Amino acid sequence: MFIDEVRILVKAGDGGNGCLAFRREKYVPKGGPSGGDGGRGGDVTLVATEHANTLLQFRFNPEHKAERGRHGEGSNCTGADGKSIEVKVPVGTVVYDEETGDRLYDFTQDGEKFLVARGGKGGRGNARFVTSTHQAPTEHEPGRPGQEKRLRLELKLLADVGLVGFPNAGKSTLISRISAARPKIADYPFTTLEPNLGVVQLPNFDSFVVADIPGLIEGAHMGAGLGIQFLRHIERTRLLVHLVDVSETTGRDPARDFEIIMQELANFSEDLAKKQMILVASKIDAAQDSERVAAVRDLARERGLEFHEISSVTGQGIDALKFAMAERLLPKTVD
Ligand SMILES: Nc1nc2c(ncn2[C@@H]2O[C@H](COP(=O)(O)OP(=O)(O)OP(=O)(O)O)[C@@H](O)[C@H]2O)c(=O)[nH]1
Ligand SMILES: [Mg+2]
């Protein structure tokens, strides 16, 4: 779900062959060499576009070939160059050489180009081999082959929002409420073993992507629980939504849960700890003790964090949270 991957073949055009020819002139035997050069083969260039966000199109269309150069002809006619082609890939695509495993390119911006397979040079025709002592050359070259590569394209889907919190805090339940994602939800810790992504659609057709990652626990940065390996999936998000379970069933102090997660984030990377964050009291329907909610609300105030109370069971606060996320991410539209 997180990574889209395809294998494709790109083949640049071969160069056209150089020509062997002599001018035919009345009364002049072998009127002079006149074989033209072959044309250059076309290149294959990959171009990043914002208008695609999957690699799906390549599954149906895995081969991309540029045109070959035309052969040279007599009368010193150079063969026409083969047409180059551009292949569009979504921004975020990483290109690997399938045979060597080398990473060739990482597309990060719309319109970025990478020439991945160079067309072959055309061969020289015999007219090019004339020298003062070698007036009737018969040498001529074949065109060079265009580069051919097997590529593996990998697309990291970039999430805009990362959900963090203890295991069982209700992260997967939340993503299932606000997007079409249907991750596994269960009443035990570490239900989520792999990150899930969900696309949140807004009424005005805007959308953003939320990542639900496995829960964190104290010592995660030392490998406890599922560790922090999954945090790299949210390193490039723009907003973290931190869920703190305020129900009694945790048997823990929600304020302390909050501090532990903040510490784990900071241990992973400073950038992550500095990201903008919305603090969410989760499972508000199951919090009998209003003190527990108040404690988290106070923390939010102290730290200057926006605070929301939600229940994914009753739906309380879900829409407000969704729009709060959108407000942080999407440029305000002028009415
Ligand atoms: N009462 C109540 N229960 C909830 C709410 N949200 C989630 N739950 C329950 O809490 C349990 C854990 O929910 P998950 O969404 O799987 O939690 P998670 O944070 O994804 O857990 P991990 O994947 O283990 O990190 C499930 O039994 C849910 O039904 C809520 O708002 N109210
Ligand atoms: Mg989960």
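Is it the case, given these coordinates, that residue 324 is assigned to a helix (DSSP H, G or I) and open to solvent by less than 40 Å² (accessible area, probe 1.4 Å)?
yes
Looking at 272, 299, 265, which is the one that is farther than 25 Å from residue 193 by Cα and assigned to a helix (DSSP H, G or I)?
299
Pairs needed: first member in the range 180-200, closer than 16 Å to residue 216 by Cβ; second member anywhere, open to solvent by 80 Å² or more (accessible area, probe 1.4 Å) and more than 10 Å from ligand 2 (Cβ to nearest atom); C-beta distance under 8 Å; at least 6 residues apart or different chains.
Hits for this filter: 194/1; 195/1; 196/1.
If you check residue 223 against the conditions, is it at pLDDT 95 or above and open to solvent by 20 Å² or more (accessible area, probe 1.4 Å)?
Taking the combined requirement at face value, the residue does not satisfy it.
Out of (1) open to solvent by 50 Å² or more (accessible area, probe 1.4 Å); (2) within 23 Å of residue 323 (Cβ to Cβ), what's the single condition that is false for residue 212?
Just one mismatch for residue 212, condition (1).
Report yes if some residue within the range 124-139 is in contact with a helix residue (DSSP H, G or I) (Cβ under 7 Å, 6 or more places away or on another chain) and among the polar types (S, T, N, Q); otherwise report no.
yes
Considering the range 194-218 alone, what residues qualify as being within 11 Å of ligand 2 (Cβ to nearest atom), under 21 Å from residue 259 (Cα atoms) and of a type outside the set (A, V, I, L, M, F, W, C)?
212, 214, 215
Just the residues that are buried (at least 20 other Cβ atoms within 10 Å of the Cβ) and within 30 Å of residue 31 (Cβ to Cβ), please, taken from the range 79-101.
79, 81 - these are the residues of the range 79-101 that are buried (at least 20 other Cβ atoms within 10 Å of the Cβ) and within 30 Å of residue 31 (Cβ to Cβ).
Can you give me the number of residues within the range 162-193 that are within 12 Å of ligand 2 (Cβ to nearest atom) and surrounded by 14 or more Cβ atoms within 10 Å (Cβ to Cβ)?
So the answer is 20.
Going by the structure shown, is residue 151 open to solvent by 20 Å² or more (accessible area, probe 1.4 Å), in contact (Cβ under 8 Å) with a residue 24 or more places away in the chain and not polar (S, T, N, Q)?
Against the criterion (open to solvent by 20 Å² or more (accessible area, probe 1.4 Å), in contact (Cβ under 8 Å) with a residue 24 or more places away in the chain and not polar (S, T, N, Q)), residue 151 does not qualify.
Does residue 230 fit the bill of being modelled with pLDDT under 80, under 24 Å from residue 177 (Cβ atoms), of a type in the set (Phe, Trp, Tyr) and within 16 Å of ligand 2 (Cβ to nearest atom)?
yes
If I ask for residues that are among the β-branched types (Val, Ile, Thr) and either in a strand (DSSP E or B) or within 20 Å of residue 52 (Cβ to Cβ) (or both), which ones from the range 83-113 would you list?
85, 87, 89, 91, 93, 94, 95, 108
Residue-wise test of (1) free of Cβ contacts under 8 Å to residues at least 24 places away in the same chain; (2) out of contact with any strand residue (DSSP E or B) (no Cβ under 9 Å at 6 or more places or on another chain); (3) of a type in the set (A, V, I, L, M, F, W, C); (4) at negative phi.
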| position | (1), (2), (3), (4) |
| --- | --- |
| 243 | no, no, yes, yes |
| 246 | no, no, yes, yes |
| 258 | no, no, yes, yes |
| 270 | yes, yes, no, yes |
| 283 | no, no, no, no |
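The values are calculated or read from the model by the stated rules, or taken from the named source; none is laboratory data. Since this is a predicted model, take the numbers as computed values, not measurements. Methodologically, a virtual Cβ is constructed for each residue, glycine included, from the backbone with ideal geometry; neighbour enumeration extends over all protein chains shown. Areas reflect the complete protein model, heavy atoms only, side chains present, ligands, DNA and RNA absent. Shrake-Rupley method; radii C 1.70, N 1.55, O 1.52, S 1.80 Å.
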